[in-house]
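So the structure is just underneath, and the comments pick up after that.
The values are calculated or read from the model by the stated rules, or taken from the named source; none is laboratory data. These figures come from a predicted structure and were not determined experimentally. Every residue, glycine among them, receives a Cβ derived from its backbone with ideal geometry; neighbour counts consider all protein chains shown. Note: accessible area is taken over every heavy atom of the protein model, side chains too, but ligands, DNA and RNA are not part of it. Shrake-Rupley method; radii C 1.70, N 1.55, O 1.52, S 1.80 Å.
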Amino acid sequence: MSTKRTTPLRVAVLASGRGSNLQAIIDAIEAGQVEAKIVAVIGNKKDAVALERARKHGLPDLFVDPKPFAGRPDSREAYDRSLLDVLAKQDAELVLLAGYMRIVTGLLVNAYANRMMNIHPSLLPSFPGLEVQKKAIDWGCKLAGCTVHFVTEGVDEGPIILQAAVPILDRDTPDTLAARILEQEHKLYPRAVQLFAEGRLHVEGRRVFIDGGKTSGLALLSPS
Ligand code: GAR
């Protein structure tokens with residue numbers, strides 16, 4: 001059952017790089033398409049463009065340096081504990097990994113079970129991990145795409161919320177394919193956040209159901 005919220009969903013974004021997905025979410029919020037408020041943008045890299053984008057839009061940005069934790073046997077957990085402090089202080093209800101190139105520990109995953117999403121540039125469960133556009137081309141796939149999923153401890157393994165498919169064309173390079181997929185990522189991620197804000201996502205085992213309306217979890221796109 002979806003319940004109408006009276007206040008915008010409080011969202012925190014974790015990012016490591018250029019932050020184009022963060023930008024898509026900011027734009028969708030500013031355009032009134034997503035009823036959410038970004039309460040923190042947290043980066044694990046000081047020069048992450050994502051942090052700059054946050055500042056430009058007057059959003060709270062924070063660099064959490066992994067270096068002081070390095071070398072400890074519990075370095076990952078200790079790092080995530082400091083993230084949890086920030087998330088709790090900001091009262092974040094949903095955490096979005098947006099090009100966050102760090103493995104999250106069970107500590108963070110369990111605290112935000114079914115409240116943490118990731119976007120990945122493949123049609124999972126095919127091609128988890130890195131350089132996935134090249135892998136899809138090299139495999140000879142005819143379709144590629146992107147997936148928004150809830151985060152579990154296994155990398156790129158959690159329950160799938162939405163997927164969009166794009167064709168792989170004969171002339172594609174990893175870069176041209178990545179660009180075609182990214183265009184869809186920028187539509188898919190805001191859509192998933194809005195569905196969450198509307199309280200319309202429910203998880204049964206590995207399956208995520210979208211309550212009400214006609215929205216299906218798949219966007220199939222015609223070749224360009
Ligand atoms: C995106 O393509 C995202 O799907 C991918 O990193 C890129 C980040 O771009 N994420 C992963 O591969 C996670 N496994 P962005 O910083 O411009 O949003």
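Data table
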{"quantity": "Lys214 being at pLDDT 95 or above, open to solvent by 50 Å² or more (accessible area, probe 1.4 Å) and either within 30 Å of Glu30 (Cα to Cα) or under 17 Å from the mean Cα position of the chain (by Cα) (or both)", "calculated": "no"}
{"quantity": "Residues satisfying the stated conditions in region 109-119, i.e. surrounded by fewer than 22 Cβ atoms within 10 Å (Cβ to Cβ) and either closer than 20 Å to Asp65 by Cα or within 15 Å of the ligand (Cβ to nearest atom) (or both)", "calculated": "Val109"}
{"quantity": "Residue in region 141-156 that is open to solvent by 10 Å² or more (accessible area, probe 1.4 Å), among the acidic types (Asp, Glu) and farther than 25 Å from Ala40 by Cβ present", "calculated": "no"}
{"quantity": "Residue satisfying all of: in region 11-29; in a helix (DSSP H, G or I) and touching a strand residue (DSSP E or B) at 6+ places or on another chain (Cβ under 8 Å); nearest to the ligand (Cβ to nearest atom) among these", "calculated": "Asn21"}
{"quantity": "Residues satisfying the stated conditions in region 30-51, i.e. without any contact (Cβ under 8 Å) to a residue 40 or more places away in the chain and either more than 12 Å from the ligand (Cβ to nearest atom) or under 20 Å from Ala192 (Cα atoms) (or both)", "calculated": "Glu30, Ala31, Gly32, Lys37, Ile38, Val41, Lys46, Asp47"}
{"quantity": "Subset of region 134-146 (residues that are over 13 Å from Lys187 (Cβ atoms) and not acidic (Asp, Glu))", "calculated": "Lys134, Lys135, Ala136, Ile137, Trp139, Gly140, Cys141, Lys142, Leu143, Ala144"}
{"quantity": "Enumeration of residues in region 55-108 that are in a loop (DSSP other than H, G, I, E, B), small (Gly, Ala, Ser) and either modelled with pLDDT under 95 or more than 21 Å from His149 (Cβ to Cβ) (or both)", "calculated": "Gly58, Ala70, Gly71"}
{"quantity": "Residue in region 179-194 that is in contact (Cβ under 8 Å) with a residue 24 or more places away in the chain, within 16 Å of the ligand (Cβ to nearest atom), open to solvent by 40 Å² or more (accessible area, probe 1.4 Å) and closer than 16 Å to Leu94 by Cβ present", "calculated": "yes"}
{"quantity": "Conditions (1) touching a residue at least 40 places away in the same chain (Cβ under 8 Å); (2) near the ligand (Cβ under 9 Å from one of its atoms); (3) not hydrophobic (A, V, I, L, M, F, W, C): number failed by Asp156", "calculated": "(1)"}
{"quantity": "Single condition Pro190 does not satisfy, out of (1) under 17 Å from the mean Cα position of the chain (by Cα); (2) part of a strand (DSSP E or B)", "calculated": "(2)"}
